[in-house]
């Protein structure tokens, strides 16, 4: 536990350095920051894979009969983490880390030039490096395929076989829903979203949003911050959780929903079980569960008619001109508009998962050697045409749009869509447990919602693997039904079909 | 050199965590930050005192014949640092670190209650702990007394015997100068300094000051930042140097000169020799030399009639009301006013060193066992009466005013006054080398001054001990004459004696 605490503490120190790099650091400091982060990571890696850890774990394993369930979970998580780190050869870890910088550099250039060829060699090498890691991890984890080993890195115990079942239903359901939305007579007026709101006014709106979700950045007892970055993110846990947003004068909802999304991540980290702080069991469960929390707050709460009904008069007080004559129904319709597009990070709630499914299907084929690197752009464009009905004009807005693959993060994307699915399941159960939550929201009450999330998700920390957490919280196995029902209902009201 | 670089890199990472703690961190995060800093410091301490370092140094020492002067200096600095760290027992280091927190806590309470008795036991223990360290360091360093060993921690190779010579002359000279100033007919009008300037206006004045000294915080190539804290400080080196200031609406010069003072520290760190980055020889020379750079920029440049003549019209553009009808002579006189006071951090350029001399004389007596802890308040008050002619009313504004002793930093204070003395010597030499610097300043040219400091001080890094650096830069042994001449001349013009 002492070693585990040291790893957490030094890891969180590195987290502050990352945050500073993105938000405050003078530009010239970048090379020095690289040195600082590498030094810390090397140190953490060494501490992680210290053979003494193996001896300590083995000694505990002999005593396991006397362990309580929390101690057993800690032991399981430490053993898994140790075995996986220690079995990867240092040379492979170093080469991958080195290639990440190179590959990220060539990805940036290729994206700017809209030319996949400039990226293909480095991508091929990255795939090869990750495959080598996946082959080793597969044995340690007992995964059935290399790609399943990669999935497990982000969503423990999740497999392509289970994802296939839910994603194929999700894909078909979403494609049908998009068709309904497209052919509906009623279409939202999107022009209201481009009314100009100066940045300093939007900052006051952000404060309003943070006050609503009780993310405290200003009191004497505050445990959070809000700063500005091009790409919003959240970082930290327990008593030091920091989020960022961006402000576009001609797109005020962008910052509102960025603050809600990152705020959802932040509330999760702040709600982790205090008594397990510094222990493996005291960390967040998985990327997918994390994403379920951000999407819950952003979409299910933030884009609900009830919240918007509550918030609109407040926004109007802050920015009278921008919200003049705008009805709650206008804003709900515009904020939930479905617009199939080519770019994932601009996607709405309905089309988002389709962007993910494209990536998931392609990743699976890559690691099953069913597609070559050269075929990727064509395969990408075909799937965008098939699922989203959009025509990709060049690689920059196609296969090159995301940074993930250049960093070797294969297996990461599914977490985003799993987050949607989980959030729907949580919504269904919460609606049974707290039937008055919607009317409460309209009156400005977020506490009952937060309390449900705290009790059923946040406070569980990493005591369960994600599928188990979902089962304990909702009583159900992974299912898309609640998420699809929720979307159908919301969209049928907005588009009147 | 690899190990030296790692120590620098991890130390600078800890520096960012300190900066964040003072400027950005959410209040709740304090205990976690304590854990992060302790973990890093323990790690650094272990790396510092790793016996393998001793073996590496011994191997180098056998090869010293083939070393160039820079390599020899690096070896000397590493050996000194290793021997000193390694010889202090871990138990003493740990106990001192632990007692620092306790002692600092009781100092804060005692200061608030203006009651030395609440601090005396913890202070006595701190003195005892530092004495134990001093006895050991004395042997390693070859110092003649324990107090000389403590002095060497801040000002390498400086001794009480050398300080005695300069401080006694300085004390007598300053006391006489204060008498002249006090009895002068002409006295500055201080009321102009309390004209109200809103904080956002003062921020634009800070930018003006930073632009003048070329401390870049805004360009794409910036290597610095300015933030706000109650007590201004500077931190970092090379490409990431950060300063802070405070803003008082009714005392605008406070932020101007804080920015200049911290800016002086910052320019030094930014001007360290690039080719020696990450090496011991690439760090700053000493606390005293550091202070000479901040005081040079703050007092010799910032409070000069030439700079004020240049800056005033610019300040007036930014804050027309506050500077309305204020002449350059008015502002120069007020900004240089001599007002003997009881509080060191509020002291002017003339009386400042007397505050230091009080502390130095007392510290020397403590470690020579010539004064007991119980006698400290009375001794303090007597010296303030003798040297500054002020009557200390209670311990809060007397012996309890500074935090240094509560942290065990005995031997630190002399650096401040040595900084004054060094800055006078640098001024004298620069005036010979760059005769037109004053008229240049009036035209807004800081570059010739900075170039002289870069060439003669900054670029030398830690190649010399402070007395040697001063000798190389000025051709002279330590002397108060230039500093006293400079003060006499400036004050005789302002006070017309």
Q) Cα-Cα pairs above 16 Å in the stretch A:4-84: how many percent? A) 60
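If you rank A:333, B:459 by fewest surrounding Cβ atoms within 10 Å, what's the result? Don't jump to the answer; show the numbers that get you there.
Numbers: A:333 22, B:459 15.
If I rank by nearby Cβ atoms, fewest first, I get B:459, A:333.
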Q) Roughly speaking, what is the centre-to-centre gap between the stretch A:419-484 and the stretch A:293-331 when only Cα atoms are used, to the nearest Å? A) 22
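For the stretch B:1-42, just run the numbers: alpha carbon Rg, then divide by 2.2 N^0.38 Å, N being how many residues it has.
Working: Rg = 11.7 Å, N = 42, 2.2 N^0.38 = 9.1 Å.
Cα-based Rg divided by the globular estimate yields 1.28.
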Q: Shortest first and in nm with one decimal, please list how far the residue A:433 label point sits from its counterparts in the other copies (point 7 Å along Cα→Cβ).
A: 7.2
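Can you give the FRET efficiency for residue A:121 and residue A:161, using 1/(1 + (r/R0)^6), R0 = 30 Å, r = Cβ-Cβ distance, to the nearest 0.05? Don't skip to the end; give the middle numbers.
Numbers: r = 32 Å, r/R0 = 1.08.
Step by step, r from the Cβ atoms, then E = 0.40.
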Q: Set the Förster radius R0 to 35 Å, insert the Cβ-Cβ distance between residue B:385 and residue B:459 as r into 1/(1 + (r/R0)^6), and round the FRET efficiency to 0.05.
A: 0.20
Q. Based on the Cβ-Cβ distance from residue A:346 to residue B:38, what FRET efficiency comes out when R0 is 45 Å, to the nearest 0.05?
A. 0.55
Q | Volume per residue of the C-alpha convex hull in the stretch A:2-146, rounded to whole Å³ | A | 152
Q) At residue A:94 and residue B:62, where each label point lies 7 Å from the Cα along Cα→Cβ, what is the point-to-point distance in nanometres? A) 2.7
Q | Cα-only Debye scattering, the stretch B:355-422: base-10 log of I(q)/I(0) at q = 0.17, 0.26 Å⁻¹ | A | -0.61, -1.35
Q.
Checking the a/c ratio against 1.5 first, then a/b against b/c, what shape does the Cα gyration tensor give for the stretch A:344-493?
A. prolate
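Give the average over all directions of the projected area of the C-alpha convex hull of the stretch A:241-395, one decimal, in nm².
Working: hull surface 50.7 nm².
The number I arrive at for the stretch A:241-395 is 12.7 nm².
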Q | Cα long-axis angle, helix B:481-495 against chain B (0 to 90 degrees, to the nearest 10) | A | 30
Q.
Rounding to the nearest 10 and keeping the result within 0 to 90°, find how far the Cα-based axis of helix A:51-62 lies from the longest principal axis of chain A.
A. 80
Q. So, in nm, how far is label residue A:443 from label residue A:249 when the simple model puts each one 7 Å beyond its Cα toward the Cβ?
A. 4.2
Q) Within 10 Å of each Cβ of A:377-383, how many other protein chain Cβ atoms are there on average? A) 0
Q. To the nearest µm²/s, what D does Stokes-Einstein give for the stretch A:412-497 at 10 °C and 1.306 mPa s, using the Kirkwood radius over alpha carbon pairs as Rh?
A. 114
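What translational diffusion coefficient, to the nearest whole µm²/s, does the stretch B:319-391 have by Stokes-Einstein, given a Kirkwood radius computed over alpha-carbon pairs, a temperature of 10 °C and 1.306 mPa s viscosity? Don't jump to the answer; show the numbers that get you there.
Details: Rh = 14.5 Å.
Value of D from the Cα-based Kirkwood radius: 110 µm²/s.
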Q) Using the count of nearby Cβ atoms within 10 Å as a rough guide to exposure, how do A:397, A:375 rank from fewest to most? A) A:375, A:397
Q: Using only Cα atoms, find the angle between the long axis of helix B:117-141 and the longest principal axis of chain B, and express it within 0 to 90 degrees, rounded to the nearest 10.
A: 60
(Q) As a test of the definition: which semi-axes, in Å, follow for the stretch B:41-113 when you take the square root of five times each eigenvalue of its alpha carbon gyration tensor? Largest first, please. (A) 37, 14, 8
Q: Let me know the Rg and Dmax you get for the stretch A:156-264 when you use only its Cα atoms, in Å.
A: 18.8, 53
Q) If the chain between residue B:187 and residue B:393 were fully stretched, how many nm would it gain, using 0.36 nm times the residue separation less the Cα-Cα distance? A) 71.5 nm
**Q.** Scattering curve values for chain B, log₁₀ I(q)/I(0), Debye with Cα scatterers, q = 0.11, 0.12, 0.13 Å⁻¹
**A.** -1.02, -1.24, -1.48
Q: Counting only C-alpha contacts under 8 Å and six or more residues apart, can you give the relative contact order of chain B as a whole percent?
A: 20
(Q) Counting just the Cα atoms, what span does the stretch A:215-309 cover along each of its three principal axes? Round to the nearest Å and put the largest first. (A) 44, 27, 24
Q | Per-residue [θ]222 nm for chain B (sum of -39500 (n - 2.57) over DSSP H runs n ≥ 4, rounded to 500) | A | -20000 deg cm²/dmol
Q. So what are the radius of gyration and Dmax for the Cα set of the protein assembly as shown, in Å?
A. 32.6, 95
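Read-outs: derived from the displayed coordinates by stated rules, not from any lab. As the structure is a prediction and not an experimental result, all values here were calculated from the model. Counting neighbours? That spans all protein chains shown, and the Cβs are built from the backbone with ideal geometry, glycine included.
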